[in-house]
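The values are calculated or read from the model by the stated rules, or taken from the named source; none is laboratory data. Source: prediction; values computed, not measured. Ideal geometry is used to build each Cβ from the backbone, glycine not excepted, and the neighbour counts take in all protein chains shown. For the accessible areas, the whole protein counts, side chains as well, though only heavy atoms, and no ligand, DNA or RNA atoms are used. Shrake-Rupley method; radii C 1.70, N 1.55, O 1.52, S 1.80 Å.
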Amino acid sequence: YFPAAVDVEKYSPASKGSYISDNKIVLFHSAFLDWTKRQPTSKRNDLFFRAFSRFADQRDDLILRVIAAGPDTESTKKLVYELGLSKIVEFLPPLNKQELLEHYRSCDLIVDQFGMPKFGVNALEGMACGRPVLLYLDKDLAKQCYATLPPVGIANGEQEIYKTLHDICDKEKLHSIGLKCRDWILSNHNGKVVAKKLIQLYTQIKQHSESDSL
């Protein structure tokens with residue numbers, strides 16, 4: 001296993017001040033909207049929106065920004081309306097990399113996927129920017145890939161998503177988790193670290209091949 005390489009110089013915390021709202025907790029849903037067909041690659045975004053609806057009923061300080069991209073964009077807009085979330089959900093157009101970077105830096109929490117038990121690329125980039133992430137991650141599988149588990153909000157299913165939102169949606173707590181996420185990315189997904197591992201593997205394969213040819 002080799003982790004995806006992240007450009008930690010480009011994807012980094014804002015250098016000047018903070019873009020985060022002082023009086024609102026801003027959640028940024030960056031994963032593709034893909035949930036109606038229940039395929040193995042489905043993001044199961046619906047689980048998050050249903051849990052978020054229950055959580056939002058108890059709060060008046062939330063904003064959810066959603067990238068309107070993916071096969072279930074219209075279904076998601078309908079679901080958001082049916083759940084009564086329209087007033088606090090902002091749908092954004094598909095974003096380029098620079099626009100994504102700005103949104104990573106201007107949110108309090110990045111929402112990833114809940115169908116496949118792994119990181120999306122946006123989640124890794126956001127963590128490099130010092131932002132916490134909420135997603136479904138297989139802990140046993142992650143332990144085989146990393147020396148330490150990532151300091152993210154891990155939730156499998158609607159109830160766990162709801163509980164995790166309740167546990168972490170505090171400004172100071174989210175900021176603290178975000179700093180730990182940045183450090184974890186530097187140790188595990190830094191492009192230079194990944195390149196070094198690839199060179200080591202290539203060298204081992206080359207040496208083994210040369211040994212077999214003797």
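Of note:
- Element breakdown for segment 83-214 at a 1.4 angstrom probe: carbon and sulfur atoms account for 54% of the accessible area.
- Set of lysines near K206 by C-alpha distance (under 16 Å), chain-local residues within fewer than 8 positions excluded: K196, K197
- Pairs of lysine residues in segment 29-168 that meet both criteria, 8 or more places apart or on different chains and Cα atoms under 15 Å apart, total 5.
- Each residue was assigned an accessible area with a 1.4 Å probe, and for D183 the value is about 90 Å².
- Helical runs (DSSP H, four residues minimum) scored at -39500 (n - 2.57) apiece and divided by the length of the chain put the mean residue ellipticity at 222 nm at -14500 deg cm²/dmol.
- Taking all Cα pairs closer than 8 Å and separated by 6 or more residues, the relative contact order of segment 4-152 comes to 31 percent.
- Relative contact order computed over segment 131-214 (Cα-Cα under 8 Å; 6+ residues apart), in percent: 30 percent
- Residue-span extension gain [D138 to Y1] - 0.36 nm each, minus C-alpha spacing: 47.8 nm
- For the set T164, T203, solvent exposure ranked by accessible area (probe 1.4 Å, protein chains only) runs largest to smallest as T203, T164.
- Accessible area per residue for segment 141-187, computed on protein heavy atoms with a 1.4 Å probe, is 56 Å².
- Other residues whose C-beta falls under 13 angstrom from the C-beta of D7 contribute a net charge of +1, scoring Lys and Arg +1 and Asp and Glu -1.
- Cα centroid of segment 30-60 to Cα centroid of segment 174-194, whole Å: 25 Å
- Taken over segment 16-172, the alpha-carbon convex hull comes to 118 cubic angstrom per residue.
- Solvent-accessible ranking of D112, D60, D34, largest area first, probe 1.4 Å: D60, D34, D112
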